[in-house]
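Peer 1: Before I ask anything, let me first share the structure, which is written out below as structure tokens.
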Amino acid sequence: MELPDFDVRIPDTLKEAAELLARSAPGGAMSLAGGTDLLIRMKEGVSKPGMIIILEKIGKIKVIKASKNRIRIGGAATFDAIIRSKIIQNKAPVLAAACEKIGSPQIRNRGTIGGNIANASPCADSVPALAVLEAEVALVSQSGERRLPVIECFKGPKKNAFRPDEIISHIEFPAPKQPLRSFYLAKGQRKALSITKLSVACQMEIDSGGKVKKARIAYGAVAPTVIRGYAVEEFLTGKALSPGVLKEAEEIARKEIKPIDDIRSTMEYRRIVTGALLRRGLSSVGKTEQ
Ligand SMILES: Cc1cc2nc3c(=O)[nH]c(=O)nc-3n(C[C@H](O)[C@H](O)[C@H](O)COP(=O)(O)OP(=O)(O)OC[C@H]3O[C@@H](n4cnc5c(N)ncnc54)[C@H](O)[C@@H]3O)c2cc1C
């Protein structure tokens, strides 16, 4: 199938890209990073931009860096760059684990974290990890920069909460003072190159007495958008991860998610397996040596 005619621009700076987006009619121009989602949507006729703004040359939005208190990932950082980053491996292993689950080497080489967020799929693998890291998404347009907590970036399946003239310049989250325990567990049809049917991300701080000081849980593909597991988080706080607590957390997780039947899975499967994955993950972090 042939792509319809469209104009292509390759700006050198974020400012230039924002100007191009602001000048075009709403929906007329779209950013393109890795193209692993957008080019497919264009081929299928779902997206029909009149102009494509390729972000490739804007080096500033590919950088991953850490300051004393914060970690910043450029919106156009690829999954491969994130997985290889020592900063992410040491300070945010939950994100490295989530990015490792994505697609194939080719997709991880091209696909970007900004594209994953903007695409607003409830099965996007990076998003539950970013949610437990309590990440904020920085959006740049000609009117300046605004920030949204990652969990507020979605209005529904494939509907983000951004204006068409906004570009994700970076994602930022607090740098933990000491390594935290975490996991990202996901189920797909196959081990590789399959879209996630359900996923669970967790990051937690456990005190010297073995009790949960702070728990952050998020679920993917079990609601119209990625959701936080507030009920399980509250339940776990102040408790040791005993077999009884894990069993109860599993039950709470099954109740707090809102899965549906769709082409990838059933509501029932998602409820049962999400609870089981949470329990398995909690059991493994409970055993991890500090
Ligand atoms: C074979 C295959 C397997 C896949 N497997 C997985 C998987 O396992 N898990 C998963 O989560 N995803 C998967 N995907 C989906 C896809 O690779 C990801 O969503 C990827 O992160 C998209 O990033 P991109 O840079 O390619 O985005 P693009 O295709 O370039 O853009 C996607 C959307 O985001 C917008 N956009 C891009 N960058 C920005 C920015 N900086 N600011 C604002 N808007 C922006 C574009 O305008 C477009 O609307 C797969 C895709 C394919 C083709």
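Peer 1: Any idea what the relative contact order of the chain is, in percent, if you count C-alpha pairs under 8 Å spaced at least 6 apart?
Peer 2: 15
Peer 1: Now a separate question. Can you tell me the relative contact order of the range 246-290? Whole percent, Cα pairs under 8 Å, sequence separation 6 or more.
Peer 2: 48
Peer 1: Moving to a separate point now. Measure nothing but the geometry: give the 0 to 90° angle between the long axis through the Cα atoms of 14-23 and the longest principal axis through the Cα atoms of the chain, rounded to 10°.
Peer 2: Between helix and principal axis, roughly 70 degrees.
Peer 1: Please determine, in degrees from 0 to 90 and to the nearest 10, the orientation of helix 267-287 with respect to the longest principal axis defined by the Cα atoms of the chain, where the helix direction is its Cα long axis.
Peer 2: 70
Peer 1: Report the FRET efficiency, 1/(1 + (r/R0)^6), for LYS258 and GLU56, where r is their Cβ-Cβ distance and R0 is 35 Å, rounded to 0.05.
Peer 2: Taking R0 as 35 Å, the efficiency between LYS258 and GLU56 is 0.40.
Peer 1: Right, here's the next one. Can you tell which of ALA120, ALA249, ALA161 shows the greatest fluctuation in a Gaussian network model of the chain with Cα springs below 10 Å?
Peer 2: ALA161
Peer 1: Between ALA276 and ILE195, what is the spin-label point distance in nm, taking each point 7 Å from the Cα along the Cα→C-beta axis?
Peer 2: 2.3
Peer 1: Using only the Cα atoms of the chain, construct the convex hull and provide its projected area averaged over every direction, in square nanometres to one decimal.
Peer 2: 15.1
Peer 1: Rounding to the nearest 10 and keeping the result within 0 to 90°, find how far the Cα-based axis of helix 243-256 lies from the longest principal axis of the chain.
Peer 2: Around 40 degrees separate the two axes.
Peer 1: Using the Cα centre of the range 199-241 as the reference point, and only Cβ charges (+1 on K/R, -1 on D/E), how large is the resulting charge dipole? Debye, rounded to the nearest 20.
Peer 2: Charge dipole, the range 199-241, about its Cα centre: 40 debye, nearest 20.
Peer 1: Then there is this: Efficiency by 1/(1 + (r/R0)^6): what FRET value for ARG41 and GLN89, r their Cβ-Cβ distance, R0 = 35 Å, to the nearest 0.05?
Peer 2: 0.65
Peer 1: While we're looking at this one, here's another question. Which of TYR219, TYR269 comes first, and how do the rest follow, when ranked by fewest Cβ neighbours within 10 Å?
Peer 2: Lowest to highest Cβ neighbour count: TYR269, TYR219.
Peer 1: Over 28 Å between C-alpha atoms is what I'm after, so list which of LYS68/LYS155; LYS86/LYS247; LYS43/LYS101 land there.
Peer 2: LYS68/LYS155; LYS86/LYS247, as the Cα separations exceed 28 Å there.
Peer 1: Contact order normalised by length for the range 202-290, with contacts defined as Cα pairs under 8 Å and 6 or more residues apart; what percent is it?
Peer 2: Relative contact order of the range 202-290: 23 percent.
Peer 1: Sticking with this one: Once you've got the GNM for the chain with C-alpha springs shorter than 10 Å, pick whichever of ASN69, ASN116, ASN90 has the biggest mean-square fluctuation.
Peer 2: ASN69
Peer 1: At ILE10 and ARG163, where each label point lies 7 Å from the Cα along Cα→Cβ, what is the point-to-point distance in nanometres?
Peer 2: Modelled inter-label distance: 2.9 nm.
Computed from the coordinates by the stated procedures, all read-outs in this text should not be read as laboratory data. Predicted model only: the values in this text are computed from it and were never measured. As a convention, Cβ positions derive from the backbone with ideal geometry for all residues, glycine included, and neighbour counts pool all protein chains shown.
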